[in-house]
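These notes are about the structure you will find just below.
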Amino acid sequence: MSLFENFPRITPFLWFNNNAEEAVDFYVSIFKNSRRHGEMRSPADNPSTRAGAVLTVSFELDGQQFTAMNGGPGHNFTDAISLVVRCESQEEIDHYWSRLTEGGAEVACGWLKDKFGLSWQIVPANIGELLNSPKAFQALMQMKKFDIAALKAAAQ
């Protein structure tokens, strides 16, 4: 069976230097309903890696399929792409924010970078509704982690 046979037609493929397994284990520990699916290891005759080294890891985060690759230091993550996590409550926002910023950095407006350099947006599920007010939008621009109560108060 192919590594991608049971994946959706479009699946994010993430390039890591040499820590794809560490990243996958970190992400799977944060999101409910998540798991590793499998891995592809380097064959003995691959001159660019040692025999048996992990090349790719397929995994799932809350129903979304991904593949992580140990591609070497040639390409780093940039802010040009981010993963959005839609949260139903402030408790969820707090959970994902605290876990994903471990070893990473808070950015602005619900954005953060994790310890691997991948950008995430941790947003309330009703962000569109919350931002119908210009005052709420102004409040959002001053936040790093979203505060739903503060956004609602600003919208009043």
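The values are calculated or read from the model by the stated rules, or taken from the named source; none is laboratory data. Since this is a predicted model, take the numbers as computed values, not measurements. Quick reminder, even Gly has a Cβ in these numbers, built from the backbone with ideal geometry, and neighbours come from all protein chains shown.
Within the range 128-142, residues that are within 21 Å of residue 84 (Cα to Cα) and surrounded by 10 or more Cβ atoms within 10 Å (Cβ to Cβ) reach partners that are of a type in the set (Asp, Glu) and modelled with pLDDT of 90 or more with beta carbons closer than 9 Å, at six or more positions or on different chains, in the pairs 139/147. The test for being part of a loop (DSSP other than H, G, I, E, B), within 30 Å of residue 129 (Cα to Cα) and either at pLDDT below 95 or of a type in the set (Gly, Ala, Ser) (or both) does not hold for residue 51. Whether a residue is surrounded by 14 or more Cβ atoms within 10 Å (Cβ to Cβ), in contact with a strand residue (DSSP E or B) (Cβ under 9 Å, 6 or more places away or on another chain) and either modelled with pLDDT of 95 or more or in the same structural domain as residue 17 (by TED's automatic domain parsing) (or both) was assessed, and residue 68 passes this test.
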